[in-house]
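Since the structure comes first, as structure tokens, the remarks are kept for the end.
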Amino acid sequence: MAENAMTRFPVPDPESLPEDIRERMDAEEERAGFLPNVFPAFAYRPHQFRAFFDYYDALVDHSPLAREELEMIIVAVSGANDCLYCVVAHGALCRIYADDPHLAEQLATNHRTANIDDAHRAMCDLAVKLTEEPAAVDEGDLQRLRDHGFSGEEIWDIGSTAALFNLSNRMAHLADMRPNEEFYDLGREN
């Protein structure tokens, strides 16, 4: 495991981890070609690792939103939270799933000026508003998404994704999670 997965807490020795977590990490490393640092970082607390990745899997595997839309939300929220780890890691995924080498930086810097359509701008608007001023979210925000054709389940998943990545961003800041070098170049070629 990368020793620099995080700097403020010890990265666990793989041999000390429960078997199911080692298996999950091995599968991810085989799938991606490297082990994203979020895995060894969250493994510091195995029960929380399981809960976090179970929720993440539920969103990614069972959302009516397209994968590139989920990644757009994650990058916009992570940019609003100044989360280096998630902007870099999910920026790579956003570039890959959206097949756009420039989109992630646009979303992370200012989703309002990103090269996206009005429906996706409304989607990111809600996610960032839920991040920056959650108590100000009102029926008008949801209606705007309905007007763009988003279903109730899709709106729920926009909120769920924003909420999960607000947690993730805050834990990445707390632990000083460091992005893997591999993420920086992924999805740069069209």
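The values are calculated or read from the model by the stated rules, or taken from the named source; none is laboratory data. Everything numeric in this text was worked out from a predicted model, so none of it was measured. When we count neighbours, we look across all protein chains shown, and the Cβ atoms used for this are built from the backbone with ideal geometry, even at glycine. SASA here: full protein model, heavy atoms, side chains in, ligands and nucleic acids out. Shrake-Rupley method; radii C 1.70, N 1.55, O 1.52, S 1.80 Å.
Suppose the chain between H62 and E105 were pulled fully straight at 0.36 nm per residue; how much longer would it get relative to their current alpha carbon spacing?
So the chain would gain 12.8 nm between H62 and E105.
Could you give the accessible area per residue of the range 88-152, probe 1.4 Å, as a whole number in Å²? Spell out each step's value before the answer.
Values: 3210 Å² over 65 residues.
That works out to 49 Å² for each residue.
What Cys residues in the chain have no fellow cysteine's beta-carbon under 4.7 angstrom?
Among the cysteines of the chain, those whose Cβ sits 4.7 Å or more from every other are C94, C124.
If each of E139 and D13 carries a label point 7 Å out from its Cα toward its Cβ, how far apart are those two points in nm?
My value for the distance between the label points is 6.0 nm.
Carbon and sulfur: what percent of the range 84-190's accessible surface (1.4 Å probe)?
Details: 2810 of 5420 Å².
Carbon and sulfur together cover 52 percent of it.
Mind checking the full-extension length gain between D147 and A27? Use 0.36 nm per residue of separation minus the Cα-Cα distance, one decimal, nm.
Here the segment from D147 to A27 would lengthen by 39.2 nm.
First check a/c for the range 1-143, with a ≥ b ≥ c the square roots of the eigenvalues of its C-alpha gyration tensor; if it is under 1.5, answer rounded, and if not, answer prolate when a/b is larger than b/c or oblate otherwise.
Values: a/c = 2.03, a/b = 1.84, b/c = 1.11.
Taking the square roots of the gyration eigenvalues as a ≥ b ≥ c, the range 1-143 is prolate.
If amide hydrogens are placed 1.01 Å from N in the peptide plane, which non-local residues have theirs closer than 5 Å to the one on M6?
R178
With every protein chain present, what is the per residue accessible area of the range 1-42 (1.4 Å probe, Å²)?
Accessible surface, normalised per residue, equals 60 Å².
Rounded to the nearest 500, what is the 222 nm mean residue ellipticity of the chain from helices alone, with -39500 (n - 2.57) per DSSP H run of 4+ residues and division by all residues?
Helix contribution divided over all residues of the chain: -20500 deg cm²/dmol.
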